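Worksheet for the structure shown next.
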Amino acid sequence: MGDSLGARVVLRALLVTGAALFAAMAFSHWNQIKVPIMFVYYDVPSEPYQDKIIAFCLAAYSLFFVGAALHRGAVPFAWAGLVAAVAGLSALNLSSDLAAALPEGGTTLWYWAQTGVFAVFALLIGWLWTRARWE
């Protein structure tokens, strides 16, 4: 991925993919469709109003990624938001609050796997951003 055009194309594709993923997650939270990836903490009890708050926050993330795909100046902000989400998910995964809410015999392994997917996504966006040359 040495050429600038290739990096730009892949970066935009990742940003559009992120926008679609966050929109799907927002839909899932709004409608309480608790499945892995759409709900990171899919097996932890939540209230409908909490899920709706998360839904509109995810909708905002989706729009950040649309904006970043369309306007190069927005890419660092979408990237920073994703990094903040990974940091927040990591802190929650380590928290005693989550440990107390886990189902009997539950583990955070799947939550960490999903957090890792978002971390890899952030690393790819950051790496491609540094290689893309924008006209």
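Annotations
- Labels on offer are [x] 14.6, 50; [y] 15.6, 49; [z] 16.0, 55, and the one holding Rg and Dmax of the Cα atoms in Å computed from this structure is [z].
- Gain in span if fully extended, Ala87 to Tyr42, counting 0.36 nm per residue against the direct Cα distance: 14.3 nm
- 14 Å cut-off, amide nitrogen to a point 7 angstrom out along Leu98 Cα→Cβ, residues in the range 43-75: 43-45
- The Lys52 and Val9 beta-carbon pair, evaluated with R₀ = 35 Å, returns a calculated FRET efficiency of approximately 0.45.
Only the coordinates and a few stated rules stand behind these numbers; no lab work does. This one's a predicted model, so the numbers in the text were calculated from it and none came from an experiment. Don't worry about glycine lacking a Cβ; one is built from the backbone with ideal geometry, like all the others, and counts go over all protein chains shown.
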